[in-house]
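Down below is the structure, laid out as structure tokens.
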Amino acid sequence: MMAAVLHGARNIRVESCARPEVRPGMVLLRVRRAGICGSDSHYFAHGDCGPFVPTRPFILGHEFTANVVALGEGVEAPAIGTRVTVNPARACGFCSYCTSGRRNLCRKTIMLGSASTKPPTDGAFAEYVTVRADQCHVLPPELDDGIGAMMEPLAVALHAVKRAGVVSGKHVLVMGGGPIGLLTAMVARAYGAVPVALSDIVPARRKLAVDFGADIALDPAAKNLSEQVGALTGDGFDVILEASGARPALRAAFDLVRPGGTIVQIGTLGVEDVPLPANNVMVREIQFLGSFRYGNVFDEAIRLAASGRLKLAGLLTGLFPLAQSLDAMKQADDKANALKVQIEITNSK
Ligand SMILES: [Zn+2]
Ligand SMILES: [Zn+2]
């Protein structure tokens with residue numbers, strides 16, 4: 001099969017690889033469409049992703065739509081031919097986290113297209129990939145291949161909003177106007193948050209946020225930011241979802257949240273510690289929560305997308321055949337202009 005293989009920083013080669021074997025309990029998938037995630041871009045830019053350093057060349061990609069083409073021993077569903085999207089995080093299913101409903105915390109998780117395991121686990125920028133049967137989620141016909149490949153980032157947004165608790169009727173701020181921030185704002189709005197504000201230092205991203213359904217966009221560098229927030233919310237936001245991964249944004253969240261409010265950290269902040277106003281957390285009873293990947297939210301993400309309440313199609317800003325994976329990665333790197341860049345794989349032999 002053909003695949004886009006990462007050999008090091010800025011070194012992706014489309015080459016012939018062995019097709020993966022379908023083992024018991026697994027299914028073989030023919031990939032149709034795969035999206036480039038921030039973590040893929042990080043591997044492409046640096047050759048690694050924080051502490052995850054690949055021990056051999058490997059295939060990136062974990063957001064995708066595919067068809068089931070073969071079933072391993074013992075697998076009855078999904079049937080051959082079914083079009084699916086995939087939860088790329090394969091939790092063990094047996095540990096205390098898995099059995100208590102917190103699969104995203106499973107320490108034995110095997111993540112597609114990731115060097116979190118040694119050797120790294122190959123991903124979906126390839127004609128074929130194998131996953132455990134229960135990682136597949138059936139896509140309804142109203143979701144095309146491009147939207148299907150967005151269910152993984154949508155699951156990230158959905159899980160984060162769920163971490164915040166009930167958002168209906170709440171004043172919500174999303175920090176960061178990249179794909180995850182925009183999706184998080186869309187989900188918060190669909191779930192009834194009023195108003196939904198989004199902050200980003202880039203003016204073009206603030207404009208996009210309003211186009212995608214945020215009620216208001218805020219400039220985090222504005223001199224009168226606290227007056228603006230006061231006018232909008234009274235005493236601060238009930239919920240702040242931090243999706244920028246910028247340290248100043250996280251620090252500002254503690255000033256912009258109301259007493260008793262909740263901050264959810266979605267963005268990756270790097271490996272160094274970040275100083276926090278701990279006394280504020282105490283005297284104002286601020287809840288500071290992490291949100292990591294997703295639990296079992298894929299089917300809900302699919303239903304929410306199929307309802308038409310989210311403007312997902314507009315997130316796709318670039319589409320390349322597998323043979324042009326290098327160009328796709330370069331375009332995804334252009335943070336000022338690109339939102340979601342995808343690779344079309346089925347038609348790109
Ligand atoms: Zn992703
Ligand atoms: Zn587990």
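Could you name every one of the strands (runs of 3 or more DSSP E) located completely within the range 56-132 that has at least 3 residues being touching a His at 6+ places or on another chain (Cβ under 6 Å) and under 17 Å from S325 (Cβ atoms)?
Working: elements: 63-71, 83-86, 128-132.
Fully inside the range 56-132 and qualifying: nothing.
Of all residues in the range 88-124, those being in contact with a Ser or Thr (Cβ under 7 Å, 6 or more places away or on another chain), within 15 Å of ligand 1 (Cβ to nearest atom) and aliphatic (A, V, I, L, M) number 3.
Out of all the residues in the range 150-161, is one or more buried (at least 24 other Cβ atoms within 10 Å of the Cβ) and more than 16 Å from ligand 1 (Cβ to nearest atom)? Scanning the range 150-161, I find at least one residue that is buried (at least 24 other Cβ atoms within 10 Å of the Cβ) and more than 16 Å from ligand 1 (Cβ to nearest atom), so the answer is yes.
Within the range 51-75, residues that are in contact (Cβ under 8 Å) with a residue 24 or more places away in the chain sit with their Cβ atoms under 6 Å from residues that are β-branched (V, I, T) and part of a loop (DSSP other than H, G, I, E, B), at 6+ positions apart or across chains, in these pairs: V68/I80; V68/T82; A70/V22; G72/V22.
Are any of the residues in the range 282-289 loosely packed, with under 12 Cβ neighbours inside 10 Å, without any contact (Cβ under 8 Å) to a residue 24 or more places away in the chain and not assigned by TED's automatic domain parsing to the domain that holds N87? There is at least one residue in the range 282-289 that is loosely packed, with under 12 Cβ neighbours inside 10 Å, without any contact (Cβ under 8 Å) to a residue 24 or more places away in the chain and not assigned by TED's automatic domain parsing to the domain that holds N87.
Restricting the first member to the range 88-113 and to residues that are in contact (Cβ under 8 Å) with a residue 24 or more places away in the chain and more than 14 Å from M26 (Cα to Cα), and the second to residues that are more than 16 Å from ligand 1 (Cβ to nearest atom) and aromatic (F, W, Y), the beta-carbon pairs closer than 6 Å and six or more apart or on different chains are L105/Y97.
Looking at the structure I just gave you, is A45 more than 21 Å from the chain's Cα centre (by Cα) and either touching a residue at least 12 places away in the same chain (Cβ under 8 Å) or not assigned by TED's automatic domain parsing to the domain that holds L316 (or both)?
Values: more than 21 Å from the chain's Cα centre (by Cα): no; either touching a residue at least 12 places away in the same chain (Cβ under 8 Å) or not assigned by TED's automatic domain parsing to the domain that holds L316 (or both): yes.
Here the answer is no, as A45 does not meet what is asked.
The values are calculated or read from the model by the stated rules, or taken from the named source; none is laboratory data. For clarity, every value in this text was computed on a predicted model and none was experimentally measured. For neighbour counting, all protein chains shown are included, and Cβ atoms are generated from backbone atoms with ideal geometry for every residue, glycine included.
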